[in-house]
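Single-structure report; data block below.
The values are calculated or read from the model by the stated rules, or taken from the named source; none is laboratory data. Here the structure is a predicted model, which is why all the values come from computation and not from measurement. FYI the Cβ positions are ideal-geometry reconstructions off the backbone, even for glycines, and counts take in every protein chain you see.
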Amino acid sequence: MALLTLPNIQMLEKIDIQESIKQFMIPFVAIVLFLIFWEVTASQIKTSLGLVPGPIEVSKQFKNLVVEHNEMRAKATAFYERQEKRNAAKLAKDPDAKVKIRSFTGKPTFFDQIFTSLITVFAGFFIATIIAVPIGILSGLSQNFYTAINPLVQIFKPISPLAWLPIVTIIVSAVYVSNDPMFSKSFIISALTVTLCCMWPTLINTAVGVASVDKDLLNVSRVLQLPSLTKIWKIVLPSAIPMIFTGLRLSIGIGWMVLIAAEMLAQNPGLGKFVWDEFQNGSSNSLGRIMVAVLAIGIIGFILDRLMLSMQRLISWDKNAVLR
């Protein structure tokens, strides 16, 4: 095998730099061309609310949303400061007086609604994961269990969130009754709708991953007479992790898409409701603000997928899967 000389090392470094520049420049050029095409095309399309907003107008609306957020935060700060002063004055007159801290009830901002959507999708995704992974493991280990559950999976998997939503709404409204609820009904409805729609990729991929575990490893576990939980933890899960994470990545993507539609109809104060409210508002700025939300939805979806890849790199033995 030839030794790496200094000129060869320098050549390899140069090739790596060129490849890195190429990997950066190609997406950059594609994005620039897309923005130019968007700006030129948008200026030619007129709607009832005016021209379709291009990138420049959308960026202006984003700045307006940032300003509105900062103004609302300033109002909230002033609200709590006034409360503290009133309560301090009340306690100064009567140390035994009962004081109340009221929550600020201002309209949620665009960034508040992003946070609400993230909490909701993670709640639904978490519920889906703790249901789908155990069932997927059982399906992969037992052919009889897989045969029994497969028809149900194939029936429920393609059902739209718009079909689940009224069912979930009726059931939650009947079951979740409280004078002082911990969570709002709209949050519960949206999270459960996400769960019902995003659990299937994780369940199916977990079952496939477990069924694909090397039979020699399973035979070794039988020879060693490992307990079932130990076999699953030490042999089955490590081998199936790449497929499980493939399912999780698909599930989080589906969950994020489903959430927007669920929030529109359930009126959960997230991005879906923001889009619906702007559509109903019908002002000259509404279309631009909706475009801001659309871009935010896409960017957040991309970030969620990258987060799942990062988790897979930390947990899985299959490091190359991150690069696919």
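Points to keep in mind about this one:
- Annotation note: Cβ proximity below 8 Å between a residue of segment 159-178 that is under 15 Å from A261 (Cα atoms) and free of Cβ contacts under 8 Å to residues at least 60 places away in the same chain and a residue that is among the polar types (S, T, N, Q) and surrounded by 12 or more Cβ atoms within 10 Å (Cβ to Cβ) (sequence gap 6+ or interchain) occurs for W164/T193; V168/T193.
- With respect to the conditions (1) within 22 Å of Q280 (Cβ to Cβ); (2) under 29 Å from the mean Cα position of the chain (by Cα); (3) loosely packed, with under 14 Cβ neighbours inside 10 Å, F34 lacks only one, and its number is (1).
- Taken over segment 42-99, the criterion of being of a type in the set (A, V, I, L, M), within 18 Å of N281 (Cα to Cα) and in contact with a helix residue (DSSP H, G or I) (Cβ under 6 Å, 6 or more places away or on another chain) is satisfied by L49, V52, V58, L65.
- Which numbered condition L118 fails, given (1) modelled with pLDDT of 95 or more; (2) more than 30 Å from N285 (Cβ to Cβ); (3) not β-branched (V, I, T): (2)
- Residues (under 17 Å from the mean Cα position of the chain (by Cα), over 16 Å from L65 (Cα atoms) and of a type in the set (G, A, S)) located in segment 273-304: G298, G301
- Test result for V258, of a type in the set (V, I, T) and modelled with pLDDT under 90: no
- On the stretch given as segment 118-147, residues that are surrounded by 12 or more Cβ atoms within 10 Å (Cβ to Cβ) and either among the charged types (D, E, K, R) or over 21 Å from L192 (Cβ atoms) (or both) total 8.
- For F24, the conditions (1) modelled with pLDDT of 85 or more; (2) exposed (fewer than 12 other Cβ atoms within 10 Å of the Cβ); (3) aromatic (F, W, Y) are fulfilled apart from (1).
- Meets criteria (surrounded by 13 or more Cβ atoms within 10 Å (Cβ to Cβ), free of Cβ contacts under 8 Å to residues at least 24 places away in the same chain, closer than 26 Å to W256 by Cα and not charged (D, E, K, R)) for N64: no
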